[in-house]
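Working notes, beginning with the structure itself.
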Amino acid sequence: MAHDLEQIAAYSDFQNEIYAGGEAPPFPVRWRELEAAGSAAMSPEAADYVAGGAGAEDTVRANREAFDRWRIVPRMLREVGTRDVATTVLDTRLPAPVLLGPVGVQQIIHPEAEVATARAAASLGVPYVHSTAASTSIEDAAAANGDGPRWFQLYFPRHRDLALSFVQRAEAAGYEAVVVTLDTLMLGWRPRDLGRAFLPFLRGIGLANYTSDPVFTSRLDGDSLETTVAAWIETFANPDLGWADIAWLREQTDLPLLVKGVNTVEDARRALAAGVDGLIVSNHGGRQVDGALAALDALPDVAGAVGSDVPVLFDSGIRTGADAVKALALGARAVLIARPAMWGLALGGEDGVRHVLRTFLGELDNTLAMAGYRSPRELTRATLRPRP
């Protein structure tokens with residue numbers, strides 16, 4: 001679905017639409033109520049899979065606590081009636097500094113899975129990032145996304161020829177960038193899932209990109225679920241991945257290349273030396289390393305070290321539009337949201353995801369204006385103060 005992004009009304013007008021309708025929205029607006037309702041709509045296994053973090057989930061908590069340590073300082077009478085929240089990240093035009101982050105195995109959340117999510121993103125012009133671990137193939141997700149902007153997230157497999165096949169399929173299907181996730185070279189220690197002995201991939205869920213790939217299927221010795229799962233196990237974990245592999249991938253595609261999971265200046269510089277075009281500061285929402293640094297605490301140093309010419313994006317712990325304002329003020333060019341969209345997916349499929357995006361964008365626009373800013377580009381560290 002094509003959009004003239006310049007003609008989109010102010011996102012904060014969504015509240016006027018709700019008030020004028022005189023009825024409560026079909027889905028919660030407050031994120032904690034959304035989380036509770038969305039989790040209740042899932043199976044217990046799916047709810048734990050979405051919510052779960054590594055170990056004691058200290059990193060999940062740290063991500064939220066990091067946002068609480070910053071306070072927005074509103075400025076007055078700044079003539080904010082006309083705002084421009086659009087931005088550009090690499091070659092992708094964004095109507096707002098927001099992307100729908102990659103989430104795998106969405107089949108366990110809603111029957112329409114990534115198809116519903118991709119459609120919702122396209123309806124608002126928000127870039128959709130498709131996971132390697134999706135329940136829907138690269139091509140089918142692209143068809144659902146239509147003319148919407150989309151990126152492909154790569155879990156770099158053990159075999160380079162399979163990685164290249166994934167990327168080439170994404171290129172052919174109209175994806176506009178490749179995001180390599182660095183922090184999931186093997187699965188994190190997740191007690192919620194371990195306690196249920198629940199790993200969707202072992203049940204054939206989240207393997208659509210693999211089972212539709214000619215390189216992967218050429219290695220199968222038969223077409224049984226057991227054979228497919230065994231082949232996935234053999235290729236997914238890749239703890240020996242190195243910066244040379246990133247440099248090799250840079251040579252294989254003309255698409256912009258980003259890496260996700262950078263939390264230190266040293267790794268940011270290594271990524272740029274390998275030819276990467278952009279960085280995503282992230283700790284995978286706390287799903288990989290328990291007791292790790294909150295991603296928001298890492299953001300200012302990484303953004304400050306690479307300079308404004310390199311887009312630095314952010315995820316992990318984002319729940320509200322006000323959260324986005326804080327991340328943007330600390331150096332992010334844009335933010336990615338994930339878990340909130342999945343709560344919306346569980347509650348209402350495409351409509352639920354669209355509701356989450358509209359409330360997120362509405363609060364982002366409203367907070368920006370009420371704080372005295374006409375554009376995310378005006379946000380700086382001076383926008384915030386540490387909480388006393």
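Under the condition of being small (G, A, S) and either in contact with a strand residue (DSSP E or B) (Cβ under 6 Å, 6 or more places away or on another chain) or open to solvent by 20 Å² or more (accessible area, probe 1.4 Å) (or both), the residues counted in the range 105-122 number 2. Among the conditions (1) touching a residue at least 24 places away in the same chain (Cβ under 8 Å); (2) over 30 Å from N63 (Cβ atoms); (3) outside any helix (DSSP H, G or I), the only one that L187 does not satisfy is (2).
T92 passes every criterion in (1) among the β-branched types (V, I, T); (2) under 21 Å from T359 (Cβ atoms); (3) open to solvent by less than 40 Å² (accessible area, probe 1.4 Å) apart from (2). A count restricted to the range 330-348 and to residues that are touching a Lys or Arg at 6+ places or on another chain (Cβ under 9 Å), assigned to a helix (DSSP H, G or I) and open to solvent by less than 10 Å² (accessible area, probe 1.4 Å) stands at 2. Cβ-Cβ contacts under 6 Å between residues 6 or more apart (or on different chains), taken from a first residue in the range 295-312 that is within 21 Å of V60 (Cα to Cα) to a second residue that is of a type in the set (A, V, I, L, M) and surrounded by fewer than 17 Cβ atoms within 10 Å (Cβ to Cβ), are listed as D301/V265. Looking only at the range 59-73, residues that are more than 18 Å from the chain's Cα centre (by Cα) and open to solvent by less than 70 Å² (accessible area, probe 1.4 Å) come to 6 in all. It is to be established whether one or more residues within the range 41-49 are open to solvent by 20 Å² or more (accessible area, probe 1.4 Å) and not in a helix (DSSP H, G or I). Yes: the range 41-49 contains one or more residues that are open to solvent by 20 Å² or more (accessible area, probe 1.4 Å) and not in a helix (DSSP H, G or I).
Read through the list (1) touching a helix residue (DSSP H, G or I) at 6+ places or on another chain (Cβ under 9 Å); (2) open to solvent by 40 Å² or more (accessible area, probe 1.4 Å); (3) at positive phi, then give the number of the only condition that A197 fails. Of everything listed in (1) touching a helix residue (DSSP H, G or I) at 6+ places or on another chain (Cβ under 9 Å); (2) open to solvent by 40 Å² or more (accessible area, probe 1.4 Å); (3) at positive phi, A197 misses just condition (1). Only one of the listed residues (D140, D161) is closer than 27 Å to A244 by Cβ and open to solvent by 10 Å² or more (accessible area, probe 1.4 Å). That residue is D161. Of the numbered criteria (1) within 19 Å of the chain's Cα centre (by Cα); (2) at positive phi, the one L299 fails is (2).
The values are calculated or read from the model by the stated rules, or taken from the named source; none is laboratory data. Nothing here was measured: the structure is a model prediction, and the numbers come from that model. Methodologically, a virtual Cβ is constructed for each residue, glycine included, from the backbone with ideal geometry; neighbour enumeration extends over all protein chains shown. Note: areas computed on protein heavy atoms with side chains; ligands, DNA, RNA excluded. Shrake-Rupley method; radii C 1.70, N 1.55, O 1.52, S 1.80 Å.
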